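Down below is the structure, laid out as structure tokens.
The values are calculated or read from the model by the stated rules, or taken from the named source; none is laboratory data. Note that the structure is predicted; figures quoted are calculated from it, not measured. Reconstructed Cβ throughout: ideal geometry from the backbone, glycine too, with neighbour counts over all protein chains shown.
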Amino acid sequence: MRTAMKSERLYLRSFEDNKQDISALYEWENDPESWDSSMASNPVSTKFIREYILESATSLITQGTMTLAIGLAETQELIGYLQFLGYDAISQRVGYGLYITPEHRRKGYGREVVQLAEQYAFQHLGVRLVYADILSNNLSCCKLFEALGYELKATLPEWHWSQGSWHNLNYYMKWKN
């Protein structure tokens, strides 16, 4: 298995055009509980997922986005994904978002993934700024980024309608030391 980034407990790798990866991503993207954080509003087909995986295998430099599977090093179980987005080599910045399956949350995996993403972004991509946009009602994610030294730089009021109310969108940023 070729990994892009790894820690003792986790690895990040490209999604593959295989049954395991398609099935996992299909399940996650069709979970209505996850739609808020991705600002999605509809289910997707396996055909859509397969095309997405094939498209995401292209270069971050040419597409400006890259999605990586998050797996447990010990068991090889996939537990979520990390998406780099908005990569801009000239302005030296990249954003990211992550999804961790509900049963694997609150175990420190999100923290590890963000730290791996920062290391990759600052050292490999050569960016000077990393950022994430997070809905204000996703308190655990907001707290995670704040604990990792990200600063809340902007809030877009009433940006997203969900579960009968409007939610603000927070922009968190962290500069390279």
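Overview of values
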{"item": "Number of positions in the stretch 73-101 that are touching a helix residue (DSSP H, G or I) at 6+ places or on another chain (Cβ under 8 Å) and at negative phi", "result": "14"}
{"item": "Residue satisfying all of: in the stretch 45-76; surrounded by fewer than 11 Cβ atoms within 10 Å (Cβ to Cβ) and charged (D, E, K, R); nearest to Tyr87 (Cα to Cα) among these", "result": "Lys47"}
{"item": "Residue within the stretch 131-152 that is assigned to a loop (DSSP other than H, G, I, E, B), of a type in the set (Val, Ile, Thr), surrounded by 16 or more Cβ atoms within 10 Å (Cβ to Cβ) and touching a Ser or Thr at 6+ places or on another chain (Cβ under 9 Å) present", "result": "no"}
{"item": "Test: residue in the stretch 35-44 that is touching a Lys or Arg at 6+ places or on another chain (Cβ under 9 Å) and either modelled with pLDDT of 95 or more or buried (at least 17 other Cβ atoms within 10 Å of the Cβ) (or both)", "result": "no"}
{"item": "Some residue of the stretch 123-146 being more than 18 Å from Ser23 (Cα to Cα), in contact with a helix residue (DSSP H, G or I) (Cβ under 9 Å, 6 or more places away or on another chain) and basic (Lys, Arg)", "result": "yes"}
{"item": "Neighbours by Cβ (under 7 Å, 6+ apart or cross-chain): first from the stretch 103-124, in contact (Cβ under 8 Å) with a residue 40 or more places away in the chain; second of a type in the set (Gly, Ala, Ser) and surrounded by fewer than 22 Cβ atoms within 10 Å (Cβ to Cβ)", "result": "Glu112/Ser7; Leu116/Ser7"}
{"item": "Only listed residue being modelled with pLDDT under 95 and surrounded by 13 or more Cβ atoms within 10 Å (Cβ to Cβ), chosen from Tyr87, Tyr26, Tyr11", "result": "Tyr26"}
{"item": "Test: residue in the stretch 106-126 that is more than 21 Å from Lys6 (Cα to Cα) and surrounded by fewer than 22 Cβ atoms within 10 Å (Cβ to Cβ)", "result": "no"}
